[in-house]
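Asks: Provided herewith is a single structure, encoded as structure tokens, for subsequent inquiry.
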Amino acid sequence: MKIKTLMASAAITASAWTAAAAQDATFYYDKNGWDEGFAALIEGASEASGLDIAGQQLTPTDRYQAYVMSSIAGGAAPAIFTWWNGKQLDSLVETGEIADLTELWDEAIANGWFSEAERELFSVDGTPYAIPLNVARWPVLYNKDAFAAAGIDAPPATWDELLADADALKEAGYIPFNAPAVGGWMGFIWFSELMVRTDPDAFVGLTDGTVPYNGPEVQRAMEIWTDFYERGYFTDAREQDETRFMVNEEAAMYLIGEWTAGILANRGMEPGEKIGAFLMPPVDAETENTVIVEAAPIVFSADAMEEMPALMDAARYLMSPEAGNALGQANGIYSGNLMTDAPNAIVSDVNAIIAEDAPRSVVRWWEAVPPELQGDLVSQMNAFMLDPTAENAQRVMDDMQSLNESYWAFQ
Amino acid sequence: MASVDLKDFVKLYGDHVAIKGIDLHVEDGEFCVFVGPSGCGKSTLLRMIAGLETISHGDLTIGGRVVNDVPSRDRGIAMVFQSYALYPHMTVRDNLGFGMKIAGQDKAEIDRRREGAAEMLGLGPYMERRPSELSGGQRQRVAIGRAMVREPEVFLFDEPLSNLDAKLRNQTRLEIKRLQQQLGATVIFVTHDQIEAMTLADKIVVLQDGRVAQTGAPLDVFERPRNLFVAGFIGAPAMNVLPAEMGEGPVVRALGLEIPVEPGRFDLPPAGAPVTLGIRSEDIVPEGHGQRPQTGADLSGQVKFSEVLGNESLVFFDVGGVELVSRMQRPRPVREGEELSFRIDGTRIHLFDSETETTLRRD
Amino acid sequence: MQAPQTPPISAAIRAEAHRREVAARRRSGRVALVFIAPALALVALFLLLPVLFNLGLSFTRWQRFSGLDEFGGLMNYQRLFMVPYLSEVVINTAMWVIGAITLPLAFGLGLALLLRGVPGEGLFKALFFLPRVLAPAAVGTIWFYVYAPDGVINTLAGAAVGQEIDYGWLFESHTITPAIIMTFVWQTLGINMVLLLLGMAAIPRDPIEAAHVDGASSWQIFRHIIWPLLLPTVFVVTILNVIAGFTAFDLIWVMGNGYPAQRSLSLAVFMYYETFSNSRWAFGAAIAVMLSALVILVSWALTVMQSRVEARIR
């Protein structure tokens, strides 16, 4: 039997089993802990389209991806599902199973819901194939009390100020940065940030194979990273509770996606009052101001869209300010819609910073890098964090480059 | 070879007293058999001598040396087990040589003793086989050979024949006796089979409930059982035992008969006193079979059933509600219910004190 | 007197006898088939079919989404040898196999010998067996914190030397595998001990007593009598341990969570990582085939040795 046929029958069996035939369409997602928000989105989408849409959560992510991939391999893509942008979206779109959403985006931009910048995040070769579930920028969250205790009046605007503030925080008894390496993926956070702050173009070049992982650009970022460790700027990377040192106020700053504001709020650190946000300044004054953006897309099956034109109304709803507000109220998640209310003070702070500085958006490394390289490379970065010496930095760079090279050689 | 002395042997298992004070002397070169029913303590006693059980109290002397706290290997003993206890993963050759090998004997000596034992026991053709490839009799011979090569001062046998079939058992019994005589060995042999005990022993030790019931030469024990237990245990079929009463004359009254008693042989109680009468089956002679006893008493009874053994039959018959057994020499077929006449040999009767169950004999 | 003549067996009688034998065998064969058919069907459906599917998949160029199943020959197998950290995977797996065979066996045997006839034997046995009934994931979580930089081991060691220790047992390449193996030993020595005790209980007492009388010391009795007679049990335990060692996954998955090169901690984890985290299904299938082949080969060799040893002592 052809594997494709077998996959198809397996997928059909699975979908028949998970979603009863009574529904018109099923909305699959793997996002844990956003149940209330998804319930609101699905209800709104059903109302807007007149379709009976059911929600279906599948975890963990491994299993979720395997399920979606085998469904598509079998020619039966789920009608609506969440995915990842960047290279992950590229290879998904390559299958030809995903609906083109150009008209919807034209409409949304005309309505003032989104800008061209967001459209770009969800496009493959200039054509938008997805709508945003969540758009998260990666600022530095900081403990306002710690800054006050260290005598820091305003967040750093230059690299020198950042270093001075870090030293002042150390002086005041704080570890400047909370830098966990939990769950096997957090290694890329500081690596990407330091790349972006030294050479944003090289950062983009890393993800398409044009810049080597052991070239002078990376060398420079790794030197800073090693230096920061030497200066004692980071918390112990072996800690498994990622927000522990922020919550117990041992650490003062946390470079992370803005969705973490919700997690910290749940642990008693109110955004705006206790926690503030700033964008890390570039290392050299002439470096282009940049922000790393993580975007979670929702995609639609092309076949389902053709069979049920009303599905477009569901998509329109999911892009709307109402949907964005529903998700924001339920789970503190920001959809990126410019006409929604910011769900918390951090998002509004970042919105203000972006409105003022208009930094360049770059896709987060995780999504930008080819999926087959993600795990192998990030584990090297994690390894560096556990042994942050110059010697290990060199080994990590060389290993990353050899993996990178062999991947691109195969393409 | 050496003599073995047990002095006031006691074995305790927690609160249970298994051996209740035994004194015994085994001569150098003597074949001594411990016999008794199961649970009498005979195996325990042997294992205490072997050093497999501690001696709770008392002294064990082998060849004039007190060995209470000496480990098995230094007691100068060798043991043959009921199950043969061969090392299943070793060849016959290695089984025979194991003890000497671990003792660090030199190879020439090991070979000399091993070849000697193998030749004596006819094990030559089986030296490279493992126990699983041998018959029961062959295994038994290996077990004996393993004991022999140790050249012990005392051989200990723990019911070594009970796993053999009847024919092989008789054969091996003879072989053991022959070997013992050839080696002039001191042997202590445990069995529950009184025929084995009778045929093998120079000295029989009858054990009952952790005590010695009687010690003596086989015939001695057979002819002069010291108490009812020994009388019943030694000899097959078991001795006929019946309640009786002393009469004038002197006579013993039982089954309505008066059997005259030789007065000099017994310490007789006064007339009218109760006694226990014991008569072996061969001493109740069926009319017309064998020599008619000169003194005694005649009786007749109704045959219940008979066991035909070929050269003789055991006739079980009923006299006034009491069942007796008689041995019929040169037997003829008897039917159930047939009336037969017998004569009791008055010179061979046994009398026991009804209370203490000990013999009333003088000698 | 002349011995009675045996009547000659005719060819017809021989043929008849053969026919009856065959018929009887066929009848019982048919009955047997009826009884094992449900089990056979289940095995075929849930075991044989997936195995064959996996084998087929390992020879394809299967890629995410596309479901391409064109024949790729030995591509995936060749790729295995191009993995830069293959040597780490192999070394760690070898450590697992050797550690998983010898340590639980050695400790289990030691305990079995130690606990025989000790007062409170049953309680001790139950105690040592207890970890076995816990889910490996739960065991892994507990031990993750035991080995943590501020965990029990460092605290005790620190108290012993009077100096703070915050060594990351599960974060250093040269201690992580031994540390997880020790947890595995902790969990499995109980079952090893129980199996060995069962094996020992089956050894007759008499040869041991005979050896005692023959002059053997306790060590010599163990070395020359108990050990050879226990060997078949030892082989069974070893086969179980080999399979456990090769397929070690749960503990590594949980305890190696903070270790950057987790995927290279064992072949099984490597297989899972490539298949599901990296979505290289065909490659993962090839690793699975190699892993199975190794396990089957080693188990088969051990089974052969086991039956030889068993034949020797029967």
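The values are calculated or read from the model by the stated rules, or taken from the named source; none is laboratory data. Keep in mind it's a predicted model, so treat the numbers as computed, not measured. Because the Cβ atoms are built from the backbone with ideal geometry, glycine has one as well, and the counts that use them run over all protein chains shown. In case anyone asks, the SASA skips ligands and DNA or RNA and just uses the protein heavy atoms, side chains included. Shrake-Rupley method; radii C 1.70, N 1.55, O 1.52, S 1.80 Å.
Asks: Only Cα pairs within less than 10 Å get springs; with that Gaussian network setup on chain B, which residue of B:Glu312, B:Glu27, B:Glu196 has the largest fluctuation?
Replies: B:Glu312
Asks: Among residues other than A:Asn392 whose Cβ falls under 11 Å from its Cβ, what is the net charge (Lys/Arg +1, Asp/Glu -1)?
Replies: Details: positive: A:Arg395; negative: A:Asp387, A:Glu391, A:Asp398, A:Asp399.
Once positives and negatives cancel, what remains is -3.
Asks: Any idea of the accessible area per residue across the protein assembly as shown, 1.4 Å probe, to the nearest Å²?
Replies: Ligands and nucleic acids excluded, the figure is 44 Å² per residue.
Asks: Can you compute the FRET efficiency between C:Leu86 and A:Asp62 using 1/(1 + (r/R0)^6), with r the Cβ-Cβ distance and R0 = 22 Å? Round to the nearest 0.05.
Replies: Working: r = 22 Å, r/R0 = 1.02.
Efficiency, from the Cβ-Cβ distance: 0.45.
Asks: Which residue, chosen from B:Ala147, B:Val35, B:Phe9, occupies the Cα position most advanced towards the positive end of the dipole of region B:4-228, where the dipole is computed from +1 (Lys, Arg) and -1 (Asp, Glu) charges on Cβ about the Cα centre?
Replies: With unit charges placed on the Cβ atoms, the residue in question is B:Ala147.
Asks: For region B:73-163, just say rounded, prolate or oblate: build the C-alpha gyration tensor, square-root its eigenvalues into a ≥ b ≥ c, call rounded for a/c under 1.5, and beyond that prolate if a/b exceeds b/c, oblate if not.
Replies: oblate
Asks: Which of B:Arg73, B:Arg146, B:Arg330 moves the most in a Gaussian network model of chain B with Cα springs under 10 Å?
Replies: Judging by the Gaussian network model, the answer is B:Arg330.
Asks: Interface C/A, total buried accessible area with a 1.4 Å probe, nearest 100 Å²?
Replies: Details: alone 19350 and 16890 Å², together 33440 Å².
Buried surface at the C/A interface: approximately 2800 Å².
Asks: Based on the Kirkwood radius over alpha-carbon pairs, what is the Stokes-Einstein translational diffusion coefficient of chain A at 37 °C with 0.692 mPa s viscosity, in µm²/s? Don't skip to the answer; put the middle values down first.
Replies: Values: Rh = 22.4 Å.
Using the Kirkwood radius from Cα pairs, D works out to 147 µm²/s.
Asks: How many Å² of accessible surface get buried when C and B come together, counting both sides, probe radius 1.4 Å, rounded to the nearest 100?
Replies: On the way: alone 19350 and 16800 Å², together 34200 Å².
Chains C and B together bury roughly 1900 Å² of accessible area.
Asks: Tell me the relative contact order for chain C as a rounded percent, counting alpha carbon contacts under 8 Å between residues six or more apart. Could the numbers behind the result be given before it?
Replies: Numbers: 325 pairs, mean separation 80.5, N = 314.
The normalised contact order for chain C reaches 26 percent.
Asks: Which distance in Å, rounded to a whole number, links the C-alpha centroids of region B:192-267 and region B:294-318?
Replies: Between the Cα centres of region B:192-267 and region B:294-318 lies a distance of 20 Å.
Asks: Moving on. Using a probe of 1.4 angstrom, how much of the accessible area of region B:237-353 is carbon and sulfur, in percent?
Replies: 48
Asks: Going by alpha carbons, how many degrees (0 to 90, nearest 10) lie between the helix axis of B:166-183 and the longest principal axis of chain B?
Replies: So the helix axis and the longest Cα principal axis differ by about 60 degrees.
Asks: I would also like to ask the following. Can you flag which of B:Lys167/B:Lys203; A:Lys87/A:Lys274; B:Lys7/B:Lys177 are past 31 Å Cα-Cα?
Replies: Checking Cα-Cα distances, A:Lys87/A:Lys274 exceed 31 Å.
Asks: Please tell me the relative contact order of region B:87-210 in percent, rounded to the nearest whole number, where contacts are Cα pairs under 8 Å and at least six residues apart.
Replies: 24
Asks: What is the helix-to-structure angle for B:107-121, meaning the angle in degrees between its Cα long axis and the longest Cα principal axis of chain B, kept from 0 to 90 and rounded to the nearest 10?
Replies: 30
Asks: Can you grab the distance from the C-alpha centre of region A:291-358 to the C-alpha centre of region A:21-56, Å, no decimals?
Replies: First find each Cα centre; the distance between them is then 15 Å.
Asks: So which residues in region C:248-268 end up with at least 10 square angstrom less accessible surface once the other protein chains are there, compared with the chain by itself, probe 1.4 angstrom?
Replies: When all protein chains are present, C:Asn257, C:Gly258, C:Pro260, C:Arg263 each give up 10 Å² or more of accessible surface.
Asks: To test your reading of the geometry: what angle, between 0 and 90 degrees and rounded to tens, separates the Cα axis of helix B:92-102 from the longest principal axis of chain B?
Replies: Between the helix axis and the principal axis of chain B, the angle is about 70 degrees.
Asks: Could you look at region C:76-313 and say what percent of its accessible area is carbon and sulfur, using a 1.4 Å probe and all protein chains?
Replies: 71
Asks: Next question. Please report, as a whole percent, how much of the solvent-accessible surface of region A:79-206 comes from carbon and sulfur atoms (probe radius 1.4 Å).
Replies: Roughly 45 percent of what the probe reaches on region A:79-206 is carbon or sulfur.
Asks: Let me ask you something else. Quick check: pseudo-label points 7 Å beyond the Cα along Cα→Cβ at C:Leu114 and A:Thr158, how many nm apart are they?
Replies: 6.8
Asks: Between C:Val51 and A:Asp341, take the C-beta separation as r, use R0 = 51 Å, and let me know the FRET efficiency to the nearest 0.05. Working shown, then result.
Replies: Numbers: r = 56 Å, r/R0 = 1.09.
For C:Val51 and A:Asp341, the calculated efficiency is 0.35.
Asks: If the reach is capped at under 19 angstrom between alpha carbons, list the lysines near B:Lys11, excluding any in the same chain fewer than eight residues apart.
Replies: B:Lys20, B:Lys42
Asks: Okay, next question. Which percent of Cα-Cα pairs in the protein assembly as shown sits in each 10 Å bin, short to long?
Replies: For the protein assembly as shown, the binned pair fractions read 2, 8, 12, 13, 12, 10, 8, 7, 8, 7, 6, 4, 2, 1, 0 percent.
Asks: Please tell me the relative contact order of chain B in percent, rounded to the nearest whole number, where contacts are Cα pairs under 8 Å and at least six residues apart.
Replies: 16
Asks: Within chain C, which complete DSSP H helices have Cα atoms spanning at least 20 Å along the helix axis and a mean Kyte-Doolittle hydropathy of 0.0 or higher? The partial results should precede the final answer.
Replies: Details: long enough: C:11-43 (46 Å, 0.41); C:86-115 (42 Å, 1.85); C:176-201 (37 Å, 1.73); C:227-246 (27 Å, 1.95); C:281-313 (47 Å, 1.44).
Result, helices passing both filters: C:11-43, C:86-115, C:176-201, C:227-246, C:281-313.
Asks: Between A:Arg244 and C:Leu156, what FRET efficiency follows from the Cβ-Cβ distance if R0 is 25 Å, with the result rounded to 0.05?
Replies: Result of the calculation: an efficiency of 0.60.
Asks: I want the local charge near A:Arg197. Using Cβ-Cβ distances under 11 Å, sum +1 for each Lys or Arg and -1 for each Asp or Glu among the other residues.
Replies: Local charge sum for A:Arg197: -3.
Asks: In addition: How big is the dipole moment of the protein assembly as shown about its Cα centre under a simple scheme where the beta carbon of each Lys and Arg is +1, that of each Asp and Glu is -1, and everything else is neutral? Debye, nearest 20, please.
Replies: 8040
Asks: Where the centroid of each part is defined by its Cα atoms, how far is region A:71-150 from region B:1-51 in Å?
Replies: The two parts, judged by their Cα centres, are 95 Å apart.
Asks: Which one of B:Val142, B:Val67, B:Val154 has the biggest mean-square fluctuation once chain B is modelled by GNM with Cα springs under 10 Å?
Replies: Sorting by GNM fluctuation, first place goes to B:Val67.
Asks: For B:Lys107, list the aspartates and glutamates whose Cα falls under 20 Å from its own Cα; do not include residues on the same chain fewer than 8 positions away.
Replies: Of all the aspartates and glutamates, those that pass the test against B:Lys107 - Cα under 20 Å, at least 8 places apart if same chain - are B:Asp94, B:Glu115, B:Glu119, B:Glu128, B:Glu151, C:Asp214.
Asks: Moving to a separate point now. Please compute the modelled spin-label separation between B:Arg335 and C:Arg30, points set 7 Å along Cα→Cβ, answer in nm with one decimal.
Replies: The modelled label-to-label distance comes out at 5.7 nm.
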